[in-house]
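Step one of this worksheet: look at the structure below.
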Amino acid sequence: MALKALLFDLDGTLIDSEFFHFECWNEILAEFDVQLTYADWLKTYAGVPLPTNAARLVEKYNITAPLPQIIDKRERLTLERLKTKDVNLMPHVAEVLEYFKSKNLTLALVTSSPRQDVDAVFERNGLGRYFKLIITRTEVTKSKPDPESYLVCVEKLGVLKKECLVFEDTINGVKSAKAAGLICFAIQSNTDEHHKLTIADKLFLDFKAAKDHLIEQGFIA
C-alpha cells in the first residue's frame, strides 16, 4: 500500500535545535553554578520533553528552586530566543518536504515542544506551510515516549496506521511512534547514537537517503 501521510518530529529531525536547547539550559543552570557539556546533553537529555529534563536536572544537581519555577523560566527563555534567533534546518529538509508535498502526501508535525515554540520557529523559517496538522505538547496530556501524540495525529488525519510513516531522531521519539503502532524511520547523522535506535524500522544518516529508499521501494506512488 502506498503511503498517504508522513509524520515528522521537529527538534533534531527537521531543525538543528539540540545545541540551541543545550545553550538555553546552560543559561538557566549558570544561576546555580551548574554547566552541562554538549556530550552529556546529547547522551542524556536530547529528545526528552522539557518538564522531564527539568525534573532530572533539579534532582541530579540538588537545585533548590521549585521545579515549576525552573520549568517556567526555561519555557520563557526558549520562546524569547526562538523569536530572535534562526535555527538551521537539518540537511536536505527543505528539498525533501517540497518533494513529498509535490507527491500530494499529507504532512503532519508531531512534537514535544509547546505550541508557542513551534509557532515562533515556523514564523521565522516558513516551514508551517507544509503541514496539514500540527500536534504539540500543548494538545496532549502525555509527551513522548508515550504514544498519545501520534495516536491523536493519526485519528485527526483520518488515515490508517499502515498508510503512515514517522520520521524521528531520538529513542524517545521512536518509542512513541512504535508504541502507536506506526512504521518509524530514524534520521540520525551522529553514528554514536545509532545503537540506541535499533527499534526503528530503518535508520538513515539524512533525509535524502530516506527519500531515495522510499522511491526505490515503491512506497511513494
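Table for the structure above
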read-out	value
Selection within region 30-56 - aliphatic (A, V, I, L, M) and not in a loop (DSSP other than H, G, I, E, B)	A30, A39, L42, L50, A54, A55
Residue match in region 116-129 (condition: open to solvent by 30 Å² or more (accessible area, probe 1.4 Å), of a type outside the set (A, V, I, L, M), touching a residue at least 60 places away in the same chain (Cβ under 8 Å) and in contact with a Lys or Arg (Cβ under 8 Å, 6 or more places away or on another chain))	no
Some residue of region 35-51 being under 22 Å from K175 (Cα atoms), open to solvent by less than 30 Å² (accessible area, probe 1.4 Å), of a type in the set (D, E) and without any contact (Cβ under 8 Å) to a residue 40 or more places away in the chain	no
Output for region 96-115, where each listed residue is open to solvent by 50 Å² or more (accessible area, probe 1.4 Å) and in contact (Cβ under 8 Å) with a residue 60 or more places away in the chain	Y99, K103
Tabulated pairs, region 3-19, first free of Cβ contacts under 8 Å to residues at least 40 places away in the same chain, second part of a strand (DSSP E or B), C-beta under 9 angstrom, 6+ apart or interchain	E18/D11
Scan of region 56-91 for residues that are β-branched (V, I, T) and surrounded by 16 or more Cβ atoms within 10 Å (Cβ to Cβ), ordered by number	V58, I63, I70, I71, T78, V87
Selection status of E59, over 24 Å from G128 (Cβ atoms) and assigned to a helix (DSSP H, G or I)	yes
Failed item in (1) open to solvent by less than 70 Å² (accessible area, probe 1.4 Å); (2) touching a strand residue (DSSP E or B) at 6+ places or on another chain (Cβ under 7 Å), with A179 passing the rest	(2)
Failed condition for E95, given (1) acidic (D, E); (2) over 21 Å from K144 (Cα atoms); (3) under 17 Å from the mean Cα position of the chain (by Cα)	(3)
Output for region 82-129, where each listed residue is modelled with pLDDT of 95 or more, β-branched (V, I, T) and more than 18 Å from T170 (Cβ to Cβ)	V96, T106
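The values are calculated or read from the model by the stated rules, or taken from the named source; none is laboratory data. Note that the structure is predicted; figures quoted are calculated from it, not measured. Cβ coordinates were reconstructed from backbone atoms using ideal geometry, including for glycine residues, and neighbour counts include every protein chain displayed. These area figures cover heavy atoms from the full protein model, side chains too; ligands, DNA and RNA do not enter into them. Shrake-Rupley method; radii C 1.70, N 1.55, O 1.52, S 1.80 Å.
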